[in-house]
Each structure stands twice: as C-alpha cells, then as structure tokens.
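First the structure, in the form of structure tokens, and then the observations on it.
The values are calculated or read from the model by the stated rules, or taken from the named source; none is laboratory data. Predicted model, so just to flag it, every value in this text is computed and none were measured. Please note: Cβ atoms are built from the backbone with ideal geometry, for glycine as well, and neighbour counts cover all protein chains shown.
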C-alpha cells in the first residue's frame, strides 16, 4: 500500500506541475472550511471505522505567509473518540502559472478516549505539497506530511480536488493514507 500511495502522489504532483492554462484567479490562503471525513483504521485485528467532523481556516498575513488553525473530532466504532486542535504557519510560493509549493509547520494537541482509557498529548506536524489551478473552477492538490505525537510518528500522503462554484464558495474531495489509516474527505470552503 505504501508504494502505491507514493506512486499516486508522485503522479498527482507531475500532473499538477505539467498542466498549465491561462488562469485569472489566484490561489487563496484566506478561507474557512467545514469538513466531513470517513476514516478506516486497519491497524486492529478488525477494521474500525469513524466519522470525523472538523472546521479549519487560514488567513494570509503576508504575500507568502499564512496562519492556520483547525479542530476536528472523530467518533470511531467501539466507543473510541478522538479530537485534535492544530495551530500552524504556512509558507507558500508560486513555482509556475497557477501552481504553488506549500510548506506547513503546526503544533498539535490531540486527545483519545475510550471505555477504559483516556490520553492526551502535544506534537508537531510538518508538511509540504503542491496546489495547482487547472482552470478557474478546478484546483488540484497533493502533499506529504510527517506527524510526531503519542510517542509515535507517521507519514501521511494525500491528494484532492476542489471545484469552485464562484469566487467565494468551493467544494472539495480528497483522499489521505497514513500507515494503516485511510481517509476520504468532503468539504465546503468559503474564501474571503
């Protein structure tokens, strides 16, 4: 699974960089979004599934720097609940017409709670990726991140597509894979 995920991520990166059209919009780093995710964790003898709801946002403070924040809560099978709060900084720079390279450093506060256990920890997330406007109404993204929390670390590969209804409202779909966890996500974003 790991090698297939890397291959898919590299293919997405090549597609992002290779395709360039005349784009009149700019990639926005000023937004708030709500996200629903379907999560499957196969690290247990039997897969456990979860539903995640989150809200996140970004605000540009300079031409190449944005502050980010987010919160999500996940309810898994077998009465396991998790929550995460993330606060970070994103650096971004154009590398081609309609294409930005994006780097993020975030602090993470996470909690996990089950029937007979309860734990919390702080950690860090470091990520890099690409965002590319294929047309004025379609954006693609791909990225990789490294997370260190709960005395463990893992790498996440992800890619997605965003469809702009107008200049302010867009809808996103994506997929992420980390070790034994697969996530499919849907979100609605409001750019300002």
In segment 159-183, how many are within 25 Å of residue 40 (Cα to Cα), surrounded by 14 or more Cβ atoms within 10 Å (Cβ to Cβ) and touching a residue at least 60 places away in the same chain (Cβ under 8 Å)?
-> 7
Evaluate the following for residue 44: is it within 15 Å of the chain's Cα centre (by Cα) and surrounded by fewer than 16 Cβ atoms within 10 Å (Cβ to Cβ)?
-> no
Unique match (being in a loop (DSSP other than H, G, I, E, B) and in contact with a strand residue (DSSP E or B) (Cβ under 8 Å, 6 or more places away or on another chain)) among 167, 121, 153 = 167
Exception for residue 118 within (1) free of Cβ contacts under 8 Å to residues at least 60 places away in the same chain; (2) surrounded by 14 or more Cβ atoms within 10 Å (Cβ to Cβ); (3) more than 15 Å from the chain's Cα centre (by Cα) falls at (2)
Pairs only if they're at least six apart or on different chains, beta carbon under 7 angstrom, first in segment 79-102 and in contact (Cβ under 8 Å) with a residue 40 or more places away in the chain and at positive phi, second part of a strand (DSSP E or B) and crowded, with 19+ Cβ neighbours inside 10 Å; list them, first residue then second.
-> 98/132; 98/133
Of the conditions (1) closer than 23 Å to residue 111 by Cβ; (2) loosely packed, with under 14 Cβ neighbours inside 10 Å; (3) at pLDDT below 95, residue 87 clears all except one; give me its number.
-> (3)
